[in-house]
Amino acid sequence: MCGIVGYTGTKQAYPIILKGLKRLEYRGYDSSGVALLNNGELNVYKKKGKVAELEESLVGINLDAQIGIGHTRWATHGEPSDRNAHPHLSSNGKISMIHNGIIENYALIKQELLNKGYQFKSDTDTEVLLNFIEDIKNNNDCKLEEAIRIALKRVSGAYCILLIEEDNPDTIIAARKGSPLVIGIGKGEHFLASDASPIIEYTKEVVYVNDYELAIVKPDELILKNLGNEKVTPYITKLDMELAAIEKGGYDHFMIKEIFEQPSTIYDCLRGRLDAKEGYIKMSGIDLHTEQLLNANRIMIVACGTSWHAGLIAEYIIEELCRIPVEVEYASEFRYRNPIVNKGDVIIAISQSGETADTLVALEKAKENGAFIFGVVNAVGSSIARISNAGAYTHAGPEIGVASTKAFTGQLAVLMMMALNIAKHKGTITNDRYNQLLVELEQIPEKVDSILKNAEEIKKIAEKYKDATDFLFLGRGYNFPIALEGALKLKEISYIHAEGYPAAEMKHGPIALVDENLPVVFIATNDPYHEKIVSNMQEIKARKGKIISIITEGDKVSPTISNDYFEIPMADEIVAPILTVIPLQLLSYYVGTLKGIDVDKPRNLAKSVTVE
Ligand code: G6P
């Protein structure tokens, strides 16, 4: 959470930083700010609210500077306000700092500083770290770089920090642990950011800074050091990303653009890996590590949010096709309990951003215990991708809307191919079934496309139910996690209370909520439990609940019980979740926008949760 940008070079820094902050707003939008250095004079401008509000407040002000740092905030310590906004200024006003992460032992350090007479202008942990650095610099009479190094040895928690100081007017100093940092290398200029999106239009050459590294960045020099003050050679990589991928391209919101991109993102995910005609799946991450995967005693899937839902579906599929026991864990729970992880266990980590703090730390812990980590990640070069022993990218391209859509279907496509590949190697699937599922998977992009062509039907349903105060989503088998995902999407971007449940389990509680005001969404596609779910629909209808059903085309029964229904193309139950989730993404998008909510930036959420 929180997005950070920095620039040092020969161009005007403010427009570059502002544009970068807009691209990083998915990481938080409680407040934003910039610090600019012009001829040794440090000026900080900050404002509560979205980046556009900062921009508006700065119209007409002279912002001439060729070095600066900027921040968009997701509040942790201290309410969203002007004074808690970053950048912060050190006590003597000579150093400015931005921070993404949490300093866990800030209270102790703050007390020490208060005892020394320091005063604080904000409630943030960031200002504490900044004054701590200033204090060390003054006491030790050392360079800022040295003071940062000493301070960071004392702090616990996660951080990516960027600092500029009046006495060193062309240098940005950055450091990271647990929160991401990319440095773009230009000609006589450098760009720093939480991800590559603010950098992409200026340069494709980047360095991903590692944990416990410190970067001293000048227009024509980049020095990387570890906390022991030893130089580290920067590893330059080329960005494989186009500017168009991070722009709205004519759509009203990133979310709807990303929903409509799914036929091509799923196609890109399958391309080069799956060939139904030739009857094979090739995934180098699996083919090179078959021994670990085939001999796994069990598989643990670790993820958060929507990615966790993809994990639940993978559990059903892997157990069915590969006959390997699977457990799905919330990363935040896994890392704090004392899970039994042994050598030979395989952990599948699922993450869109590849930066989710809980998932990352859970993996570090499992790796220490000898587990083999397989990453299913969307963001190329991200921390989770790098910590994994092997993996497969989802190739969905940058996902900017806070609510995950195309990354989720990409995760499902990867996990399905992965299960099929392992099952084939293990001999737990017949050739016929294998070949049939390859064909089914290959047809998915086309089927998603045909669903999207009927998006207007979902919009009408959204109009009808947008004022409901609660929703229930029910599904069985492979579609149970889709019920959870449908409810999560609706909550996230329409602020309507929604719950997902296994359809049969509904009788053990949620049925008490049913009355004529409650819309109940059934995912009732053609599968072995269809008759059972039809009975559940009858139970809701008998209690006057409003039934919205997602059904397979040709289903003659469900429409007679439903108040509204939406048809998806015929598909095998194993691949059906990639299809059934699409109308639910659309439903939440249309309900959210009809209610006037900024669906790309719903309140309180952030796309990349880099704090625990
Ligand atoms: C946040 C996002 C969700 C995402 C979850 C896990 O809550 O808003 O869309 O599913 O984090 O993120 P990850 O990047 O690890 O998939």
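The values are calculated or read from the model by the stated rules, or taken from the named source; none is laboratory data. Keep in mind it's a predicted model, so treat the numbers as computed, not measured. Glycine also receives a Cβ, built like all others from the backbone with ideal geometry; neighbour counts cover every protein chain displayed.
Tabulated results
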{"quantity": "Qualifying positions in the range 92-148 - touching an Asp or Glu at 6+ places or on another chain (Cβ under 7 Å), assigned to a strand (DSSP E or B) and closer than 20 Å to residue 36 by Cα", "calculated": "95"}
{"quantity": "Members of the range 364-401 found to be within 11 Å of the ligand (Cβ to nearest atom) and either touching a strand residue (DSSP E or B) at 6+ places or on another chain (Cβ under 6 Å) or acidic (Asp, Glu) (or both), listed by number", "calculated": "375, 376, 377, 384, 399"}
{"quantity": "Output for the range 9-50, where each listed residue is touching an Asp or Glu at 6+ places or on another chain (Cβ under 6 Å), assigned to a strand (DSSP E or B), over 27 Å from residue 402 (Cβ atoms) and modelled with pLDDT of 95 or more", "calculated": "42"}
{"quantity": "Entirely in the range 406-479, the helices (runs of 4 or more DSSP H) that have 3 or more residues that are in contact with a strand residue (DSSP E or B) (Cβ under 9 Å, 6 or more places away or on another chain) and surrounded by fewer than 21 Cβ atoms within 10 Å (Cβ to Cβ)", "calculated": "455-465"}
{"quantity": "Lone qualifier among 277, 248, 187, 257 - being more than 30 Å from residue 169 (Cβ to Cβ), modelled with pLDDT of 95 or more and not β-branched (Val, Ile, Thr)", "calculated": "257"}
{"quantity": "Qualifying residue in the range 190-199 (condition: assigned to a strand (DSSP E or B), more than 17 Å from residue 21 (Cα to Cα), of a type in the set (A, V, I, L, M) and at pLDDT 95 or above)", "calculated": "no"}
{"quantity": "Residue match in the range 338-346 (condition: assigned by TED's automatic domain parsing to the domain that holds residue 402, within 16 Å of the ligand (Cβ to nearest atom) and closer than 27 Å to residue 397 by Cα)", "calculated": "no"}
{"quantity": "Residue 396, sole failed condition from (1) assigned by TED's automatic domain parsing to the domain that holds residue 551; (2) small (Gly, Ala, Ser); (3) not in a helix (DSSP H, G or I)", "calculated": "(1)"}
{"quantity": "Hits in the range 200-215 - residues which are touching a residue at least 60 places away in the same chain (Cβ under 8 Å) and farther than 27 Å from residue 364 by Cβ", "calculated": "202"}
{"quantity": "Residue within the range 301-318 that is of a type in the set (D, E, K, R) and either touching an Asp or Glu at 6+ places or on another chain (Cβ under 6 Å) or under 27 Å from residue 607 (Cα atoms) (or both) present", "calculated": "yes"}
{"quantity": "Among the residues listed as 103, 95, the single one being within 21 Å of residue 209 (Cα to Cα) and surrounded by 17 or more Cβ atoms within 10 Å (Cβ to Cβ)", "calculated": "103"}
{"quantity": "Residues that are of a type in the set (Asp, Glu) and closer than 25 Å to residue 487 by Cβ, drawn from the range 300-346", "calculated": "315, 319, 320, 327, 329, 333"}
{"quantity": "Output for the range 255-269, where each listed residue is surrounded by fewer than 23 Cβ atoms within 10 Å (Cβ to Cβ) and under 21 Å from residue 315 (Cα atoms)", "calculated": "none"}
{"quantity": "Residue satisfying all of: in the range 304-348; of a type in the set (Gly, Ala, Ser) and at negative phi; surrounded by the fewest Cβ atoms within 10 Å (Cβ to Cβ) among these", "calculated": "332"}
{"quantity": "Number of the condition not met by residue 401 [criteria: (1) over 30 Å from residue 562 (Cβ atoms); (2) modelled with pLDDT under 95; (3) not in a helix (DSSP H, G or I)]", "calculated": "(1)"}
{"quantity": "Residues of the range 285-299 that turn out to be in contact (Cβ under 8 Å) with a residue 40 or more places away in the chain and exposed (fewer than 13 other Cβ atoms within 10 Å of the Cβ), as a count", "calculated": "3"}
{"quantity": "Among residues of the range 312-361, those that are hydrophobic (A, V, I, L, M, F, W, C), under 17 Å from the mean Cα position of the chain (by Cα) and under 30 Å from residue 435 (Cα atoms), counted", "calculated": "3"}
{"quantity": "Flag if residue 358 is surrounded by fewer than 24 Cβ atoms within 10 Å (Cβ to Cβ) and within 13 Å of the ligand (Cβ to nearest atom)", "calculated": "yes"}
{"quantity": "Listing of helices (runs of 4 or more DSSP H) fully contained in the range 497-612 that carry 2 or more residues being of a type outside the set (Gly, Ala, Ser) and within 16 Å of the ligand (Cβ to nearest atom)", "calculated": "576-594"}
{"quantity": "Selection count, the range 333-377, where residues are farther than 30 Å from residue 400 by Cβ and assigned to a loop (DSSP other than H, G, I, E, B)", "calculated": "12"}
{"quantity": "Among the residues listed as 385, 379, 296, 314, the single one being modelled with pLDDT under 95, farther than 25 Å from residue 245 by Cα and of a type in the set (Gly, Ala, Ser)", "calculated": "296"}
{"quantity": "The range 63-80 - residue that is assigned to a loop (DSSP other than H, G, I, E, B) and modelled with pLDDT under 95 and, of those, surrounded by the fewest Cβ atoms within 10 Å (Cβ to Cβ)", "calculated": "79"}
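Residue-by-condition table, conditions (1) out of contact with any helix residue (DSSP H, G or I) (no Cβ under 9 Å at 6 or more places or on another chain); (2) of a type in the set (A, V, I, L, M, F, W, C); (3) assigned by TED's automatic domain parsing to the domain that holds residue 160:
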| site | (1), (2), (3) |
| --- | --- |
| 57 | yes, no, yes |
| 69 | no, yes, yes |
| 78 | no, no, yes |
| 105 | no, no, yes |
| 110 | no, no, yes |
| 134 | no, no, yes |
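Here is a yes/no grid of residues against (1) in the same structural domain as residue 378 (by TED's automatic domain parsing); (2) within 16 Å of the ligand (Cβ to nearest atom); (3) over 19 Å from residue 427 (Cβ atoms):
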site: 291; (1), (2), (3): yes, no, no
site: 294; (1), (2), (3): yes, no, no
site: 297; (1), (2), (3): yes, no, no
site: 307; (1), (2), (3): yes, yes, yes
site: 310; (1), (2), (3): yes, yes, yes
site: 315; (1), (2), (3): yes, no, yes
site: 324; (1), (2), (3): yes, no, no
